[in-house]
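The values are calculated or read from the model by the stated rules, or taken from the named source; none is laboratory data. This structure is a prediction, so every number in the text was calculated from the model and none was measured. Quick reminder, even Gly has a Cβ in these numbers, built from the backbone with ideal geometry, and neighbours come from all protein chains shown. Only protein heavy atoms, including side chains, enter the accessible area calculation; ligands, DNA and RNA are left aside. Shrake-Rupley method; radii C 1.70, N 1.55, O 1.52, S 1.80 Å.
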Amino acid sequence: MRIIAVAMTKGGVGKTTTAVNLSHGLARRGHRVLLVDADTQGQCAKALGVAAEPTLTDVLLGEATILEVVNRARENLDLVASDHHLTKASLVIARREYDGHLALAEALAPVADRYDFAIMDAAPGVDAVAVNVLGCADDVLAPVALNPAALAGVFEFVRHVERVARHNRRLALRWILPTFHDLRVRQTGEMLEQLRTHFGGRMCTPIRVNIDLAEAFGWKRSIFEHAPQSRGAEDYGQLVNEVQAGSCVAQREPEGSAEREFALEP
Ligand SMILES: Nc1ncnc2c1ncn2[C@@H]1O[C@H](COP(=O)(O)OP(=O)(O)OP(=O)(O)O)[C@@H](O)[C@H]1O
Ligand SMILES: [Mg+2]
């Protein structure tokens, strides 16, 4: 089982949208996928219209095994849901002295042979559960919204991943996924170029702004169910290609580069 953490400390950058649609996209291509919601907001169950109980909290508190909390979401796609009780699990994990960062890895171990991919939807911020998500992952897929505020936080996140990687040697920041790509916004090309300069071959094809992605959530459908002809479905289909291939093929070139205004320093 390959564990991919969809993570970024900044909020609202498209983590959940990416985790849900990547998971369903992989499942539709025949991969066995476990989507794990690691956020108190509990958005994954809502996005797919799946029961929100039992939850990951039960597992992290030692009150259930992972197999007991898995819910079938779609063909080939299972979900471990979360809700606000995850805060309690986070506090308990934080008190474990030596191996608190391994609680989630231990929890997932029993299903390692059952799935091809585990996709983790991380919460924003850096609490104990968020550290656990990186502590158990093989790869990080980091959505970066193409706006100056989101870009400013990228290198802090890179340092955070590096710190966790000292404890989890498998961990690699493998994919940078530009999100909210909108050519009408000045400096979009410039921001993409700066990311490319720093992350090179780790850059995925950007996800464009697409209202269908936001609306799909309300209908409890993935983008492939809600609007299969949309730009959102096309872009997330491309991301599925890139994850399947294990590399990025950033096909869409940025347009409309503007003056250098954004500092993106390591
Ligand atoms: N490409 C897109 N085009 C338009 N809307 C989008 C796009 N991607 C995500 N959204 C919408 O933007 C909002 C934030 O997205 P999402 O919840 O995926 O971010 P997040 O990083 O998981 O947020 P949080 O940090 O709070 O967990 C949601 O309303 C979502 O539907
Ligand atoms: Mg989210």
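Extending 7 Å from the Cα toward the beta-carbon at both residue 68 and residue 114 defines two label points whose distance is 1.3 nm. Applying 1/(1 + (r/R0)^6) with r as the Cβ-Cβ distance of residue 75 and residue 245 and R0 = 22 angstrom yields a FRET efficiency of 0.45. The stretch between residue 41 and residue 162, if pulled fully straight at 0.36 nm per residue, gains 40.9 nm over its current Cα-Cα span. The residues of segment 2-245 expose, per residue, 41 Å² of accessible area to a 1.4 Å probe. In order along segment 200-217, phi translates into HN-Hα couplings of x, x, 8, 7, 8, 4, x, 8, 7, 4, 8, 4, 4, 5, 5, 5, 4, 4 Hz, rounded to whole numbers, per the Karplus curve 6.51 cos²θ - 1.76 cosθ + 1.60 with θ = phi - 60° and x for Gly and Pro. Among 1, 126, 100, which residue has its Cα positioned farthest towards the positive end of the charge dipole of the chain, with +1 placed on the Cβ of Lys and Arg, -1 on the Cβ of Asp and Glu, and the dipole taken about the Cα centre? The residue sitting most towards the positive pole is 1.
For segment 2-245, what does the alpha-carbon gyration tensor say about shape, rounded, prolate or oblate, given a ≥ b ≥ c as the root eigenvalues, a/c under 1.5 as rounded, and a/b over b/c as prolate? Oblate, because a/c is 1.5 or more while a/b does not exceed b/c. Spin-label pair residue 52-residue 99: with each label point 7 Å from Cα along the Cα-Cβ axis, the two points sit 3.3 nm from one another. Nonpolar atom fraction for the chain, defined as the carbon and sulfur part of the 1.4 Å probe accessible area, stands at 50 percent.
A crude spin-label estimate for the pair residue 106 and residue 155, with each label 7 Å from Cα along the Cβ direction, gives 3.8 nm. Placing unit charges on the Cβ atoms only, positive for Lys and Arg and negative for Asp and Glu, gives segment 2-245 a dipole magnitude near 500 debye about its Cα centre.
Computed extension length for residue 214-residue 185: 8.5 nm, one decimal, from 0.36 nm per residue of separation with the Cα-Cα distance subtracted. A simple charge model with +1 on the Cβ of Lys and Arg, -1 on the Cβ of Asp and Glu and nothing else charged puts the dipole of segment 23-99 at about 360 debye relative to its Cα centre.
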